[in-house]
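The values are calculated or read from the model by the stated rules, or taken from the named source; none is laboratory data. If you're wondering where the values come from, they're calculated on a predicted model, not measured in any experiment. Positions of Cβ are backbone-derived with ideal geometry, glycine not excepted, and every protein chain shown enters the neighbour counts. The accessibility values were calculated without ligands, DNA or RNA, using every heavy atom of the protein model including side chains. Shrake-Rupley method; radii C 1.70, N 1.55, O 1.52, S 1.80 Å.
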Amino acid sequence: MARLILFNKPYGVVCQFTAVSGHCSLKDYISLPGFYAAGRLDTDSEGLIILTDNGRVQNRISHPKYKLPKTYWVQVEGVPTDMALQQLRRGLKIKDYTTQPAKADLMSAPENLWPRTPPVRFRKHIPTAWITLTIQEGKNRQVRRMTAAVGYPTLRLIRFAIGDYLLNDLTPGCWRLLHIR
């Protein structure tokens, strides 16, 4: 039986147990020995991280060949057009690769969303919007690059789901231990 930790990674925390100058690490939140992150989330992103004590499970969650969907709530600068959402859905060229098609839709601001420290910059004359974006790959800073490529830079990025595992009511810095077969 393997164990999983579902962790709500706060903004500014690195996805490793070794401290990095100026940043908290997983070690500051999780004291159980023998766990390793199954995938990463940028320091300036928030939300669901899965850790496990089982190498096979870690590989199954993080390896691209298994195409485990990852769903993000993304606050963007401006209000995306239908055409921009269609570009995300079809896949688009970013630097040296083309993204796989994604699920992309406008959404209401998430309910009961915790404040971010530091807060997202506010601009009086530029509106913001939220989209839900589901991808099956996970290139470095991919979601941020995708939204920028269609003209709507990411202001805040929260991973809500990895496969069937959901963030749900976990608050930043909190975690839940699960046992799986």
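What FRET efficiency do you get for MET107 and THR81 if R0 is 22 Å and r is their Cβ-Cβ distance, rounded to the nearest 0.05?
Working: r = 15 Å, r/R0 = 0.70.
With a Förster radius of 22 Å, E is 0.90.
For the chain, what is the accessible area per residue in Å² when the probe is 1.4 Å?
It amounts to 55 Å² per residue over the chain.
Cα atoms only, region 11-73: Rg and Dmax in Å?
Taking only Cα atoms of region 11-73, I get Rg and Dmax of 12.2, 34 Å.
Sum -39500 (n - 2.57) across every DSSP H segment of at least 4 residues in the chain, then divide by the residue count to get the 222 nm mean residue ellipticity, nearest 500.
-4000 deg cm²/dmol
Taking 24 Å as the cut-off for C-alpha to C-alpha distance, list the pairs among LYS70/LYS124; LYS103/LYS124; LYS93/LYS124; LYS27/LYS65; LYS65/LYS95 that go past it. Let's see the in-between values first.
Numbers: LYS70/LYS124 32 Å; LYS103/LYS124 30 Å; LYS93/LYS124 32 Å; LYS27/LYS65 29 Å; LYS65/LYS95 22 Å.
In this structure, LYS70/LYS124; LYS103/LYS124; LYS93/LYS124; LYS27/LYS65 exceed 24 Å between Cα atoms.
Which residue fluctuates the most in the chain, going by a Gaussian network model with Cα springs under 10 Å, if the choices are ARG40, ARG89, ARG116?
ARG116
Of VAL143, PRO153, ALA129, which is farthest towards the positive pole of region 124-181's charge dipole, taken about the Cα centre with +1 and -1 on the beta-carbons of Lys, Arg and Asp, Glu respectively?
PRO153
Is there a quick way to get the dipole size of the chain? I mean about its Cα centre, with the Cβ of Lys and Arg at +1 and of Asp and Glu at -1; what is the value in debye to the nearest 20? Before the final figure, lay out each step's value.
Values: 26 positive and 13 negative charges, 94 e Å.
Computed about the Cα centre, the dipole is about 460 debye.
If you add up the charges near LEU113, with Lys and Arg at +1 and Asp and Glu at -1, over every other residue whose beta carbon is less than 11 angstrom from its beta carbon, what do you get? Let's see the in-between values first.
Details: positive: ARG116, ARG156; negative: GLU46, GLU111.
Net local charge, LEU113 excluded: 0.
Can you list the aspartates and glutamates whose alpha carbon sits under 19 Å from that of LYS139, skipping same-chain ones fewer than 8 residues off?
LYS139 reaches ASP42, ASP44, GLU46, ASP96.
At a 1.4 Å probe radius, carbon and sulfur cover how many percent of the accessible area of region 53-181?
51
Can you tell which of HIS63, HIS23, HIS125 shows the greatest fluctuation in a Gaussian network model of the chain with Cα springs below 10 Å?
Checking each option, the largest mean-square fluctuation is seen for HIS125.
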